[in-house]
Amino acid sequence: MTQPSSIEAAEAAATRDDDLVVRGHRFASRLLVGTGKYASFEQTRLALELSGSDCVTVAVRRVNLDPSKGESLLDHIDRSRYTILPNTAGCFDAESAIRTAQLSRDLLDTPLVKLEVLGDEKTLLPDPIGTLEATRRLADDGFCVFVYTSDDPRLAVRLAEAGAACVMPAGSPIGSGQGVLNPNAIHIVRELVDVPVIVDAGVGTASDVAFAMELGVEGVLLNTAIASADDPLRMAVAMRHAVVAGRQAYLAGRIPRRLYANASSPMDGRIAGSGTASQSGAHDA
């Protein structure tokens, strides 16, 4: 048997990571991807594959779930490859979100639900009261609740206490492409809750995803950033790499931010030379 080379062993060690696990559900990718806004079902299928995701969200209220009524998005999602995460997008009160979750469980045979209880149609920000109520009731009913919430740390704590399997604070408003507007809040959420934290919504490009992952969150969920890009398939590839790059950077540990330079080649032990550059080492690479 051929032994791995030193570089192969080093690469294996440097890229080793645990799967994302949410209440016993295991995902190899830390990128969760939505299925809306694509130009066609075929583009959706290709984007999902290129993203590397193995968990995809489906808006139950906006998708044809009845085979007798023609072609459906679900015809193009390989359920042996992807875990379907039904979501309650379009619900503006706890009761409708709960009914939608129950419908998805019956039709798709899954306890998973991405819970959205929105406050209004303009901002699409989550309604905190309705979200907390629906989380508690769905968790009591046996659902594995992935809950979309604001970046309010105290609300995140309440949702975790109510039974949420993971909390999903918005980086910024849905589809806005503004990225993570309040990283400090995300940091605090991570410190205060004992369930996975997944940034959901608002990212616009690969650097936004990498930045979110560098905060130490367990994953990122996105849709518009891929589906509405000029080239969705190329953006899907970019997002696949960004989530890995951000995760690797977080695990590696960044250097501290400093006000002044810190020479990369220190002068200790070197023969003294003349001139300012040699004395400081500031020009060494």
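List of remarks:
- Carbon/sulfur fraction of accessible area - the chain, other protein chains in place, 1.4 Å, %: 50 percent
- When you restrict to C-alpha pairs under 8 Å that are six or more residues apart and normalise by the size of the chain, the relative contact order lands at 15 percent.
- Axis of helix 6-15 versus longest Cα principal axis of the chain: the two differ by about 50°, to the nearest ten degrees.
- Per-selection Rg to Rh, segment 20-135 - Cα, Kirkwood hydrodynamic radius: 0.96
- Of the trypsin sites (Lys or Arg not before Pro) in segment 91-122, the ones in a loop by DSSP (not H, G, I, E or B) with at most 14 other beta carbons within 10 Å are 122.
- The chain: translational diffusion in µm²/s, Stokes-Einstein, Kirkwood Rh over Cα pairs, 10 °C, 1.306 mPa s: 77 µm²/s
- For segment 76-166: rounded, prolate or oblate by the Cα gyration tensor [a/c cutoff 1.5]: prolate
- Sites residue 93 and residue 263, calculated FRET efficiency, Cβ-Cβ separation with R0 45 Å, nearest 0.05: 0.15
- Where a label projected 7 Å from the Cα of residue 254 along Cα→Cβ would reach, residues of segment 179-213 with amide N under 15 Å: 180-188, 207-213
- Over all other residues within a Cβ to Cβ distance under 13 Å of residue 81, the charged ones net out to -1, with Lys and Arg as +1 and Asp and Glu as -1.
- Compared with the alpha-carbon gap, the fully stretched path from residue 19 to residue 81 is longer by 20.8 nm at 0.36 nm per residue.
- For residue 122, the lysines whose Cα comes closer than 24 Å to its Cα, not counting residues fewer than 8 places off in the same chain, are 37, 114.
- For the chain, accessible area per residue (1.4 Å probe, heavy atoms of protein chains only), Å²: 52 Å²
- Within segment 42-107, the GluC sites (Glu not before Pro) that combine a DSSP coil assignment with at most 12 other C-beta atoms in a 10 angstrom radius are 71.
The values are calculated or read from the model by the stated rules, or taken from the named source; none is laboratory data. Being a predicted model, the structure only gives us computed values, none of them experimental. Ideal geometry is used to build each Cβ from the backbone, glycine not excepted, and the neighbour counts take in all protein chains shown. Areas reflect the complete protein model, heavy atoms only, side chains present, ligands, DNA and RNA absent. Shrake-Rupley method; radii C 1.70, N 1.55, O 1.52, S 1.80 Å.
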